[in-house]
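Visitor: First the structure, which I've put down as structure tokens, then a few questions once you've had a look.
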Amino acid sequence: MALSALAPTLLAPITRAAPAGVATPGVLVVGLVAEPTSLDPGQLTDINSMKLLGALYDTLVRFKPNSFDLEPSLATSWDRSADGLLYTFRLRSGVKFHDGSDFNADAVKFTYDRLLDPNHPYADTGPFPFAPGYYGSIAETIVVDPMTVQFRLRREDAGLLDAFTLNTGRIVSPQAVMASRKDFAQNPVGTGPFKFVSWDHNVRITLTANPDYWDGAPALQQMIFRPLADEQTRITEFLSGGVDVIFDVPPDNIEQVKTTSGAVFLSQPGPHVWWVTLNTKKPPFDNPLLRQAANYAVNKDALTQDILKGTGTPSVGPIPPALTWAYTDQVARYNYDPDRAKALIQQSGVLTPINVTFWVTESGSGMQSPKTMGTAIQADLNAVGINTQIQTFEWGAFLNKYGAGLGDEAAMAELSWMFDSGDPAHMLPNNLWGPACSPKGFNGGCYQSAQVDELLDSALKVYDREQRGSIYKQIQRIVAADAPWIFIDNQIQNAAISTRVGGLDLHPSFYMTFLNRISAA
Amino acid sequence: MQRYLVQRLLLVVLVLLGVSLLVFVVTRLTPGDPARVLLGPRATDEQVATLRVAYGLDQPIHVQYLTWLGRIVRGDFGESIQLHRPVLGEVLDRFRGTLILAVAAMVISFSVGIVFGVTAALRASSFLDRVLMSVALLGISLPPFWVGLILIITFSLVLRWLPATGMFSPTGGGDFSDVFAHLVLPAVSLAVVPLAVIARLTRANVLEVLSQLYVRTARAKGLPSRIVVVRHVLRNTLIGTVTILGLEAGWLLAGTVYIETVFAWPGIGAMLVNAILQRDYPLVQGGVLLVAGIYVLINLSTDIMYLYLDPRLRHA
């Protein structure tokens, strides 16, 4: 939109004053990118709505601050049977939901049965799109005693503990779901540090502190979330003091935030990966040499510095560096080298110019600046003789196309993904596993490697993190050499906060966490 | 006259039926699937298929249309796919915001526009006339969203007199003075173009009426200038103004799309844009139908107002 292009230049020279506005001590106002679609954790699929969930609900286990290491939350301890098929959780006692009902094993069973059993009496409060992907290995949830719950699995799933940190699995109050049924999505009740007060549609959602929170009473009295759909509007509102926190400052406005007194710029690398899928089933990219050539041809440093203005770092494989235990950079690297690309194309014997179709989305969750990035990639490929034709789709149509697979229609397509469970076990089987070849999964380029498939399966049966990590490192080496994608970048999450805000740290999972520790002077 | 009204009302029903068919077909022809957009890339094809069945999207399109139409006749507009809320409530809630904004903009544009136009006409070819008409030309030429941004920078970021966005203060608020403070900038941005149009047309109309014989007669029989202008000139320029009212009301409804986005004003324009992007079929259909209905009713009431203002039409 012309508006977005124009505004940074307009705003730049004038806005040096400190955000003043309507700041009230103890009240934090957060700017969201859209009206939340629901506040039922099981229903949600968008990162924006999920920003509120950490305030309202808790998970069984959670990640420690600034890491992907687990620590107790509503469960105080857990163990796994020798065959890996039975997990036992001991629960925190004395915790109450905001509606006064007790948190116990029945609540855990209710939460997961509702998500997973289509015949559950409250299954119609869904749909719950993410649940089968994350918790599909659970066969049965068993109440042993009020403070002990067990999960019996249908197959080994070493990624399950990490999956219990996810928003989808946050524990809901059974009493509230039974009372409100479908309206629960508008009247959420959990055990979290803040209680739901009101939802003034399209204007604000108000939460109030839960003084009895088991992990310590919140420092704030109130949290308010405001939907501000236009990104320039969001920046303006932040600079004028109408909101205290905004996430994902547009690249063009970062300098401005950094030089505004009274504003603090935060950034945090996270579990995000952005790539270009290559169609491995059709010429030209059925030829590995051509796929490698495409990787050499694209200048990833220029992309991250000039287009993303440092909000991304070049990536070398399918797993983001934030997952330290599973990540390696000891893989085949494709540093920008157009001459090498041309040589590889010549070596392949394929005649130039090669004509390819490239699917690009106009926008989309986690897609950063997809059109500008697509155009830069197109220019780089054209320079080495891969004549790239861009086809642009709006996000909804794009997802449909990609989900059906590149097939005979396209040679390349953009995509990005979040590893928000901090675990490759939930992402790779969707995108690089042979049987997930689209339309069955989201392996749009239909990459097939017997070795990768076997390693992905075996990783689910190894529980030692280091050993499992080494399997994923092996997978990265194979995938990097095969180059089924052009590896582009990992996003760095950023936020602008007012200096009056304390205790707010960005977590590598990109969730809003430990909200009871946030304060506002 | 009664027959004329009945005919017009029948026509309204026909137009709305046409709109409903058009919006239904267009949303279905747009590539992209609400179930896939809602569930995101991680959902399996099975889940997408299940959701399609739940929303009736697996039915043939004519069955879907007739089912939808049947429900609307009974007052049931369905539920928004994205927001999990009834469409009618959401649309009416949002329309309230648009209405406040559009009415405020209309009041500003008409009061100021008419004063500008009449002043310029009475002092035709003077320096003041040239200044006013230059301002009007500038107003027509400026894109409303740009005017909005400039107003935000001036009055919110630099002077800090008025809030930048939204309809209420983030904490508390919601009373009249709070909404009024939030309303000033978006309403002015939205009013600029129609104000300029009205000023120019009013000037032309007044000049034309001033040259009429009955005005000269009125002056000749010694009526004070004020009475000549108010009773004889203004009254006879009203027909033209009412025509503009009908046209500009439609423009104001359309213009709110940009202004609501720039000012994060909770109105129906911004809602519709988002609903289209999310493939929220029920919300798009309900919203468009409502806006079309309002538009048709404004045109109808404009025509009825002609009958009131111009006795000659009543007997035609």
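Visitor: Starting from the amide H of A:Val462, placed 1.01 Å from N in the peptide plane, find each other amide H under 5 Å away whose residue is 5 or more places distant or on another chain.
Guide: When sequence neighbours closer than 5 places are left aside, the close amide H contacts are A:Ala158.
Visitor: Taking the mean number of other Cβ atoms within 10 Å as a proxy for protection, how do you rank A:62-75, A:159-172, A:505-518 from highest to lowest?
Guide: Listed from highest to lowest mean packing, they are A:159-172, A:505-518, A:62-75.
Visitor: Below 8 Å between Cα atoms, with a sequence gap of 6+, how large is the relative contact order for the stretch B:1-94 in percent?
Guide: 17
Visitor: So what is Rg over Rh here for the stretch B:66-178, counting just Cα atoms and using Kirkwood for Rh?
Guide: 1.15
Visitor: With both partners inside the protein assembly as shown, how many of the DSSP beta bridges are antiparallel, as a percent to the nearest 5?
Guide: Once the DSSP bridges in the protein assembly as shown are tallied, antiparallel ones form about 75 percent.
Visitor: Calculate what fraction, in whole %, of the accessible area of the protein assembly as shown sits on carbon and sulfur atoms when a 1.4 Å probe is rolled over the protein chains.
Guide: Heavy-atom surface of the protein assembly as shown belonging to carbon and sulfur, 1.4 Å probe: 59 percent.
Visitor: Moving to a separate point now. Students often forget the sequence filter, so: which aspartates and glutamates lie under 14 Å Cα-Cα from A:Lys182 once same-chain residues fewer than 8 apart are removed?
Guide: Correct list for A:Lys182: A:Asp40, A:Asp124, B:Glu79.
Visitor: Can you give the Rg and Dmax of chain A based on its C-alpha atoms, in angstrom?
Guide: For chain A, the Cα radius of gyration and maximum Cα-Cα distance read 23.6, 72 Å.
Visitor: Kindly report, to the nearest 10 Å², the accessible surface of A:Val276 as traced by a 1.4 Å probe over protein heavy atoms only.
Guide: In the full protein context, A:Val276 sits at about 0 Å².
Visitor: I'd like the FRET efficiency for A:Gln330 and A:Asp306, computed as 1/(1 + (r/R0)^6) with the beta carbon distance as r and R0 of 30 Å, rounded to 0.05.
Guide: 0.60
Visitor: Using alpha carbons only, how many angstrom separate the centre of the stretch B:94-131 from the centre of the stretch A:439-489?
Guide: Using only Cα atoms, the two centres lie 66 Å from each other.
Visitor: Quickly rank A:285-291, A:416-422 as a protection proxy: mean count of other C-beta atoms within 10 Å, highest first.
Guide: Listed from highest to lowest mean packing, they are A:416-422, A:285-291.
Visitor: Now a separate question. Assign one of three labels to the stretch A:275-341, namely rounded, prolate or oblate, based on the Cα gyration tensor with a ≥ b ≥ c the square roots of its eigenvalues; rounded applies when a/c is under 1.5, prolate when it is not and a/b is larger than b/c, and oblate otherwise.
Guide: Oblate shape, in that a/c is at least 1.5 and b/c is the bigger or equal ratio.
Visitor: For the Cα atoms of chain A, what angle does the longest principal axis make with the long axis of helix A:395-404, in degrees from 0 to 90, nearest 10?
Guide: 70
Visitor: Now for a different question. Between B:Ile140 and B:Ser225, what is the FRET efficiency for a Förster distance of 35 Å, r being their Cβ-Cβ separation, to the nearest 0.05?
Guide: 0.70
Visitor: What is the stretch A:167-223's relative contact order, in percent, from Cα pairs under 8 angstrom and six or more apart in sequence?
Guide: 24
Visitor: List the relative contact order of the stretch A:233-368 as a percent without decimals, with contacts defined as Cα pairs under 8 Å and 6+ residues apart.
Guide: Across the stretch A:233-368, relative contact order equals 25 percent.
Visitor: Further question: D for the stretch B:9-110, whole µm²/s, Stokes-Einstein with Kirkwood Rh over alpha-carbon pairs at 4 °C and 1.567 mPa s: what number?
Guide: Rounded to a whole number, D works out at 80 µm²/s.
Visitor: A further question on this structure: Partner chain Cβ atoms within 10 Å, averaged over the residues of B:76-82 - can you pull that number for me?
Guide: Shielding by partners across B:76-82 averages 1.
Visitor: Report, in deg cm²/dmol and to the nearest 500, the calculated mean residue ellipticity at 222 nm for chain A, where each DSSP H run with n ≥ 4 adds -39500 (n - 2.57) and the sum is divided by the residue count.
Guide: Per the formula, -7500 deg cm²/dmol.
Visitor: So what's the Cα pair-distance distribution over chain B, bin width 20 Å, in %?
Guide: Reading the bins upward from 0: 26, 48, 23, 3, 0.
Visitor: Using the C-alpha atoms of the stretch A:270-428, what convex hull volume per residue, in cubic angstrom, is computed?
Guide: Dividing the Cα hull volume of the stretch A:270-428 by its residues yields 112 Å³.
Visitor: Still on this model: Using only C-alpha positions, report the orientation-averaged shadow area of the convex hull of the stretch A:97-145, nm², one decimal.
Guide: 4.1
Visitor: Under 18 Å Cα-Cα from A:Lys461, which aspartates and glutamates qualify once same-chain neighbours fewer than 8 residues away are excluded?
Guide: Once the sequence-local aspartates and glutamates are set aside, what remains near A:Lys461 is A:Asp79, A:Asp83, A:Glu156, A:Asp157, A:Asp162, A:Asp423, A:Asp453.
Visitor: Let me ask another. When the Karplus curve 6.51 cos²θ - 1.76 cosθ + 1.60 is applied with θ = phi - 60°, which whole-Hz ³J(HN,Hα) does each residue of the stretch A:488-501 get, with x for Gly and Pro?
Guide: 10, 7, 10, 6, 9, 5, 9, 8, 10, 10, 6, 5, 6, 8
Visitor: Sticking with this one: Relative to the present Cα-Cα distance, how much length would full extension add between A:Arg477 and A:Val264 at 0.36 nm per residue of separation?
Guide: 72.8 nm
Visitor: Which of the DSSP-defined H helices in chain B satisfy a minimum axial length of 30 Å, computed from C-alpha atoms, and a minimum mean Kyte-Doolittle hydropathy of -0.5?
Guide: Counting only whole DSSP H runs, the qualifying helices are B:2-29, B:87-122, B:176-210, B:235-262, B:281-309.
Visitor: Just checking the output field for B:31-37: average partner chain Cβ neighbours within 10 Å of each residue's Cβ?
Guide: 6
Visitor: Let me ask something additional. Excluding residues fewer than 8 places away in the same chain, name every one of the lysines whose C-alpha is closer than 29 Å to that of A:Lys371.
Guide: Within reach: A:Lys51, A:Lys258, A:Lys281, A:Lys282, A:Lys300, A:Lys309, A:Lys342, A:Lys401, A:Lys440.
Visitor: On to the next question. Give or take rounding to whole Å, what are the principal axis extents of the alpha carbon atoms in the stretch A:79-174, in descending order?
Guide: 38, 30, 22
Visitor: Hey, got a sec? Which trypsin sites (Lys or Arg not before Pro) in the stretch B:214-316 land in a DSSP loop and have at most 16 other Cβ atoms within 10 Å?
Guide: Sparse-neighbourhood loop trypsin sites (Lys or Arg not before Pro): B:Lys221.
Visitor: So, one more: Which net charge results for the neighbourhood of B:Ala199, defined as the other residues with beta-carbon distances under 15 angstrom from its beta-carbon, given Lys and Arg at +1 and Asp and Glu at -1?
Guide: Result for the local shell: +2.
Visitor: Nearest 10 degrees is fine. How inclined is helix A:465-482 to the longest principal axis of chain A, computing both from alpha carbons?
Guide: Approximately 30 degrees, to the nearest 10.
Visitor: Additional query: Report the convex hull volume per residue for the stretch A:119-206, counting only C-alpha atoms, in Å³.
Guide: Here the figure is 141 Å³ per residue.
Visitor: For helix A:288-297, report the angle its Cα long axis makes with the longest principal axis of the Cα atoms of chain A; keep it between 0 and 90° and round to the nearest 10°.
Guide: Value to nearest ten degrees: 80.
Visitor: Rounded if a/c is under 1.5, else prolate if a/b beats b/c, else oblate: with a ≥ b ≥ c from the C-alpha gyration tensor eigenvalues square-rooted, which is the stretch A:374-521?
Guide: Because a/c hits 1.5 or more and a/b fails to exceed b/c, the stretch A:374-521 counts as oblate.
Visitor: With n ≥ 4 as the cut-off for DSSP H runs, can you work out [θ] at 222 nm for chain B, using -39500 (n - 2.57) per run divided by the number of residues, rounded to the nearest 500?
Guide: So the calculated ellipticity at 222 nm is -24500 deg cm²/dmol.
Visitor: By the gyration tensor of its Cα atoms, with a ≥ b ≥ c the square roots of the eigenvalues, what is the shape of the stretch A:53-109: rounded for a/c under 1.5, prolate for a/b over b/c, or oblate?
Guide: In terms of gyration-tensor shape, oblate.
Visitor: Also: Residue by residue through A:227-240, how many Cβ atoms from other chains fall within 10 Å of the Cβ on average?
Guide: Mean partner-chain Cβ count within 10 Å for A:227-240: 6.
The values are calculated or read from the model by the stated rules, or taken from the named source; none is laboratory data. It should be emphasised that the depicted structure is a prediction, and the values quoted were computed from it without experimental measurement. Cβ sites come from the backbone with ideal geometry, for glycine too, and all protein chains shown count toward neighbours. These accessible areas exclude ligands, DNA and RNA; they are computed on the full protein's heavy atoms, side chains included. Shrake-Rupley method; radii C 1.70, N 1.55, O 1.52, S 1.80 Å.
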